[in-house]
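Single-structure report; data block below.
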Amino acid sequence: MGLCPFHGEKSPSFAVSPSRQTYHCFGCGVHGNAIGFLMEHSGMGFVDAVHDLAQQVGLSVPEDDRSPEERERALKTKERQSTLIDVLAKAAEHYRKQLKTNSRAIDYLKQRGLSGEVAARFAMGYAPEGWRALASAFPRYDDPLLDESGLVISQDAEADSGADSKRYDRFRDRIMFPIRSVQGEVIGFGGRVLDRGEPKYLNSPETPVFSKGRELYGLYEARTAIRQHGFVLVVEGYMDVVALAQLGFPNAVATLGTACTAEHVQKLFRFADSVVFSFDGDAAGRRAAGRALEAALPHATDLRSVRFLFLPPEHDPDSYVREHGTEGFAACIEQAVPLSRQVVAVAQEGCDLGTAEGRARFLALARPLWVALPEGALKRQLLGDLAVVAKLDTSELAGLWQTSAPKARPQVSDAAAPRPRLVRAARQGAANQLDRALWLLLHRAEMWWDLDGHCHDLLADRVAPYAVLFGGFERCLHEQGPLAPAALLNDLTQSVHDDEHARSTLERIAQFHEPEPNTDLRQQLDLILDHLRLRDVDAELEQLFESGLMSPDIQSRSAELMQSRARLKAALSSITTLPA
């Protein structure tokens, strides 16, 4: 027995059973096995957790059924990423030491009200002035790894110039915020100027280990506090995260100078069922809130909560807490706008609801937002709220949107001409593709942890029963670890026993033939995901065209979707066979 690492407590309620190889907390209810513990507590993926445990006891992990070429590519990629992470960790330590000796940087942090304790907790540092300060931290300033990791900028030099004549540090005279992965590895940096200068914040570029659209600043440091508080607070800046952690809100994270994405939201919901977005009350904050709303809508199931907090224009979270206190900011969080009300507010912006034309425009703007919600009670209730604003009965609005819904495209008969098996599969509905995706994952469960958040969205956040099935599949992996396909199928069947639709779907999947030897299951899964991406792109394009709106944002989005559609179509058309 011991204190639970997943929630705050004074009396031990966390039990570990060596004989059963499980853990269980009688306080907060978390439970699982050794693999699940590492995944939840350390933020590891399934494969990393297995390797970590095996290494601790001196065992080797059996090779998977990928081809030798695939394993070689994966190994080289991982080694390259590991090398870059080592370089970034060395730079972080260098910046940290520089902060300790620079009185100007220390004074700046003190003026911002930050303590040495919180600076140490977030491993903050300082990048000195000078064009090549990192040369003192690395034996070779011309090392290509410094470029690839985003620490050094290298411009093309003249042929007769020295090899490093146009190399210089990306970060100079800035407070440094190491960006850590959920596993705690430094994968990038954010740098803030001390005085005046542009840009105010400078981020690492995209690298093999860092993607701004997927990572969140402070998530590694906040993961335990998020579980303890029951929600995650998303703010706009590094300094807000650090200051809030010191002022009593250690469950705050920030996007990295980019709009909130679906992958951000998916990652957040792995740590809490409640997300509060905090934005400044100015026009820029409203625009950012609109993008966060679009990213959150597909994930807003009936068991999740998404709220929006708008501060007065003159305040950010840091300044608001310092002026109004912890209790004042906590009260603001309690009064944050629920997602359903935010949908109505966004849709009615600029609409004259006193006229029929204004209400029609309101509905046209609201419909794409409403459609993005997953099926459930929230979506049905929001339909009623929208109908009230539009001065319609709920049944009238349901009928209006039902009749104007896109018509199903006619099925193309395979009898017209023989086609390769892959092309025929492309003509099947999403349900058949999701059936096969789950069948593939039952036979190669570790592929689930290799997929990113967007791929999980494509599979798990669709209509019933697949949201239930893929959610149950992930829980089985957390709780039971790697199992044979038959055992995993049995556990999944038990976990969804009360859902008749899900159970019958599993019975259908159980009739699929076993994969033949040397079949590339990952290639088949990637193919299915591309088909699902294409369906989503087509659906969003149809919604935009139906709205009849031609704002610059909609035109830009339509152009992006058309480019994505062309890439996906080209990729799918280049493959004509699918292994049995």
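The values are calculated or read from the model by the stated rules, or taken from the named source; none is laboratory data. Since the structure is predicted, the reported quantities are computational estimates derived from the model, not experimental observations. With ideal geometry, Cβ positions are generated from the backbone for all residues, glycine too; neighbour counts draw on all protein chains shown. Keep in mind that these areas ignore ligands, DNA and RNA; they rest on the heavy atoms of the full protein, side chains included. Shrake-Rupley method; radii C 1.70, N 1.55, O 1.52, S 1.80 Å.
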Of the residues that sit in segment 90-122 and are open to solvent by less than 20 Å² (accessible area, probe 1.4 Å) and small (Gly, Ala, Ser), which one is farthest from VAL241 (Cα to Cα)?
ALA91
In segment 167-225, which residue that is out of contact with any strand residue (DSSP E or B) (no Cβ under 7 Å at 6 or more places or on another chain) and of a type in the set (Asp, Glu) is most open to solvent (accessible area, probe 1.4 Å)?
GLU198
Can you find even one residue in segment 357-368 that is surrounded by 13 or more Cβ atoms within 10 Å (Cβ to Cβ), part of a helix (DSSP H, G or I), at pLDDT below 90 and touching a helix residue (DSSP H, G or I) at 6+ places or on another chain (Cβ under 8 Å)?
no
Please work out if GLY248 is assigned to a loop (DSSP other than H, G, I, E, B), open to solvent by 20 Å² or more (accessible area, probe 1.4 Å) and over 22 Å from LEU151 (Cβ atoms).
yes
May I ask you to verify whether PHE279 is within 16 Å of the chain's Cα centre (by Cα) and of a type in the set (Phe, Trp, Tyr)?
no
Output the qualifying pairs, or none if there are none: Cβ atoms under 8 angstrom, residues six or more apart or on different chains, first residue in segment 313-328 and free of Cβ contacts under 8 Å to residues at least 24 places away in the same chain, second residue small (Gly, Ala, Ser) and assigned to a helix (DSSP H, G or I).
TYR320/GLY328
Here are some conditions: (1) open to solvent by 10 Å² or more (accessible area, probe 1.4 Å); (2) assigned to a helix (DSSP H, G or I). PHE329 meets all but one. Which one does it not meet?
(1)
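Being under 30 Å from ARG522 (Cα atoms) and surrounded by 18 or more Cβ atoms within 10 Å (Cβ to Cβ), is that true of even one residue in segment 77-89? Even if it seems obvious, please write down each step before you answer.
Of all residues in segment 77-89, those under 30 Å from ARG522 (Cα atoms) come to 77-86.
Of the ones still in play, those that are also surrounded by 18 or more Cβ atoms within 10 Å (Cβ to Cβ) are 84-85.
Checking segment 77-89: at least one residue is under 30 Å from ARG522 (Cα atoms) and surrounded by 18 or more Cβ atoms within 10 Å (Cβ to Cβ).
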Just to be sure, is GLY257 surrounded by fewer than 20 Cβ atoms within 10 Å (Cβ to Cβ), touching a helix residue (DSSP H, G or I) at 6+ places or on another chain (Cβ under 7 Å) and not β-branched (Val, Ile, Thr)?
no
Looking only at strands (runs of 3 or more DSSP E) that fall completely inside segment 136-242, which ones have 3 or more residues that are modelled with pLDDT of 95 or more?
174-180, 186-193, 232-235
Yes or no: segment 504-519 includes at least one residue that is at pLDDT 75 or above, open to solvent by 60 Å² or more (accessible area, probe 1.4 Å), part of a loop (DSSP other than H, G, I, E, B) and in contact with a Lys or Arg (Cβ under 9 Å, 6 or more places away or on another chain).
yes
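Mind counting the residues in segment 283-326 that are more than 25 Å from PHE271 (Cβ to Cβ) and acidic (Asp, Glu)?
Residues of segment 283-326 more than 25 Å from PHE271 (Cβ to Cβ): 283-284, 286-287, 312-315, 319, 322-325.
Applying the additional criterion that residues be acidic (Asp, Glu) yields 314, 323.
Selection size over segment 283-326: 2.
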Of everything in segment 261-278, what is touching a Lys or Arg at 6+ places or on another chain (Cβ under 9 Å), of a type in the set (A, V, I, L, M, F, W, C) and open to solvent by less than 20 Å² (accessible area, probe 1.4 Å)? Give them in sequence order.
PHE269, ALA272, VAL275, VAL276, PHE277
VAL337 passes all but one of the listed conditions (1) crowded, with 20+ Cβ neighbours inside 10 Å; (2) touching a strand residue (DSSP E or B) at 6+ places or on another chain (Cβ under 6 Å); the exception is number (1)
Does ALA123 meet the test of being at pLDDT 95 or above, in a helix (DSSP H, G or I) and within 17 Å of PRO178 (Cα to Cα)?
no
GLN411 is checked against (1) modelled with pLDDT of 80 or more; (2) over 24 Å from PRO338 (Cα atoms); (3) exposed (fewer than 12 other Cβ atoms within 10 Å of the Cβ) and fails just one. What number does that condition carry?
(1)
